[in-house]
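Below is one structure, written out as structure tokens; comments come after it.
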Amino acid sequence: MKLERKHALVLIGVAVWNVVTYATFIKNLAATEGRPTGYYVAHTVLIVVNLGIAGVLGSWGVKAYRANRAVGSEPAPKADLNA
């Protein structure tokens, strides 16, 4: 499956959105006091998993964007109309 530039930009955008929202969540979680330990463990696992997903999506997006940029800089092959 080949990803186009628009798909790459969506993947990068989702990754950035995950990082921004979960950075805010980390800040808010750190300010919370008086909760059971399980609350912090569960939310920390959610944060780690979602930041991992953001890393994977971001790397896929960057790879797809670079691949499309490299392909886009080459001249397009001419179609053979006689075939």
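Couple of notes before you dig in:
- Pairs meeting the criteria (first residue in segment 14-34 and in contact (Cβ under 8 Å) with a residue 40 or more places away in the chain and surrounded by 10 or more Cβ atoms within 10 Å (Cβ to Cβ), second residue hydrophobic (A, V, I, L, M, F, W, C) and part of a helix (DSSP H, G or I), beta carbons under 6 Å, at least 6 apart or on different chains) are 14/57; 15/54; 15/57.
- Yes/no for residue 82 being part of a loop (DSSP other than H, G, I, E, B) and at pLDDT below 95: yes
- Test result for residue 2, within 15 Å of residue 61 (Cβ to Cβ), charged (D, E, K, R), at pLDDT below 95 and not in a helix (DSSP H, G or I): yes
The values are calculated or read from the model by the stated rules, or taken from the named source; none is laboratory data. All values reported here derive from a predicted model rather than from experimental measurement. All Cβ positions, even for glycine, are placed from backbone atoms using ideal geometry, and neighbour counts span all protein chains on display.
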